[in-house]
1. Please state which one of Arg91, Arg142 is among the charged types (D, E, K, R) and under 29 Å from Leu31 (Cβ atoms).
2. Taking into account only those residues within region 115-140 that are of a type in the set (Phe, Trp, Tyr) and within 19 Å of Asp97 (Cβ to Cβ), which is surrounded by the fewest Cβ atoms within 10 Å (Cβ to Cβ)?
3. If Pro144 meets every condition in (1) more than 16 Å from Glu59 (Cα to Cα); (2) within 14 Å of the chain's Cα centre (by Cα) apart from one, which number is that one?
4. Are there any strands (runs of 3 or more DSSP E) wholly within region 1-102 with 3 or more residues that are surrounded by fewer than 19 Cβ atoms within 10 Å (Cβ to Cβ), and if so which?
5. List every residue pair whose Cβ atoms lie under 7 Å apart, where the two residues are 6 or more positions apart in sequence or sit on different chains, the first residue falls within region 79-92 and is of a type in the set (D, E, K, R), and the second residue, located anywhere, is in a strand (DSSP E or B) and surrounded by fewer than 12 Cβ atoms within 10 Å (Cβ to Cβ).
6. What pairs come out if I take residues in region 124-149 that are in contact (Cβ under 8 Å) with a residue 12 or more places away in the chain and assigned to a strand (DSSP E or B) and pair them with residues that are among the basic types (Lys, Arg) and surrounded by 12 or more Cβ atoms within 10 Å (Cβ to Cβ) whose C-beta lies under 9 Å away, six or more apart or interchain?
7. Any residue at all in region 103-119 that's assigned to a helix (DSSP H, G or I) and under 15 Å from the mean Cα position of the chain (by Cα)?
8. Do the conditions hold for Gly82, that is, is it of a type in the set (Gly, Ala, Ser), modelled with pLDDT under 95, farther than 25 Å from Gly71 by Cα and more than 12 Å from the chain's Cα centre (by Cα)?
Amino acid sequence: MTQIRIIDSPFLDRLAAEAAATTRRRKNFNLHAAPEYPCQRFFNAMCADTYVQPHRHSEPSKDETVVLLRGRMGVVEFDDAGNVVSAAAIRPGMVVDVPWNTFHAWCALEDGTLFFEAKSGPYRALAPAEKASFAPPEGDPRVPEYLAWLKSLCTAT
């Protein structure tokens, strides 16, 4: 039998601690039971040194909505050539809605940043064309410098 789940501060504390203990320095917790579910709902905890390569979701149904719960987060929008369209620092309680096919990057501006995200399913890993060729891939030695640049865009706003 399915039960109502209450997401409380101790749960978010544990998720943030789990993120800090991972190699990638981020961790998500899915509310949806399986990747094929039509609505993807999850919490994501990020440390300030994690890197999410700029990307886009090319399917028209893949708009993405994020609600920041804790910490501070930056969001950067790019055009197809990698030019910055906009950058902003997000505070808890703020909502970011990213239209499909929009190159964007998330960056945690402090450890323990946590957000709730929703987008349509099913889950599909990003295709190579959805990853920004203008940005270094995860694990690339250029990532620390690029991440610092992303953060500088968001803290200047």
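1. Working: Arg142 fails: under 29 Å from Leu31 (Cβ atoms).
After applying the criteria, what remains is Arg91.
2. Residues of region 115-140 of a type in the set (Phe, Trp, Tyr): 115-116, 123, 134.
Subset that is within 19 Å of Asp97 (Cβ to Cβ): 115-116.
Numbers: Phe115: 24, Phe116: 17.
So, considering only residues that are of a type in the set (Phe, Trp, Tyr) and within 19 Å of Asp97 (Cβ to Cβ), the one surrounded by the fewest Cβ atoms within 10 Å (Cβ to Cβ) is Phe116.
3. (2)
4. On the way: elements: 26-30, 39-46, 64-70, 73-78, 84-90, 95-98.
Correct list: 26-30, 39-46, 64-70, 84-90, 95-98.
5. Asp79/Val85
6. Here the result reads Lys131/Arg56, each pair linking region 124-149 to a residue that is among the basic types (Lys, Arg) and surrounded by 12 or more Cβ atoms within 10 Å (Cβ to Cβ).
7. Initially, region 103-119 is screened for residues assigned to a helix (DSSP H, G or I), giving none.
Looking through region 103-119, none of the residues is assigned to a helix (DSSP H, G or I) and under 15 Å from the mean Cα position of the chain (by Cα).
8. Details: of a type in the set (Gly, Ala, Ser): yes; modelled with pLDDT under 95: no; farther than 25 Å from Gly71 by Cα: yes; more than 12 Å from the chain's Cα centre (by Cα): yes.
Considered against the rule, which asks whether it is of a type in the set (Gly, Ala, Ser), modelled with pLDDT under 95, farther than 25 Å from Gly71 by Cα and more than 12 Å from the chain's Cα centre (by Cα), Gly82 comes out as no.
The values are calculated or read from the model by the stated rules, or taken from the named source; none is laboratory data. Keep in mind the model is a prediction, meaning the values are calculated, not measured. Positions of Cβ are generated from backbone atoms using ideal geometry, with glycine treated the same way; all protein chains shown enter the neighbour counts.
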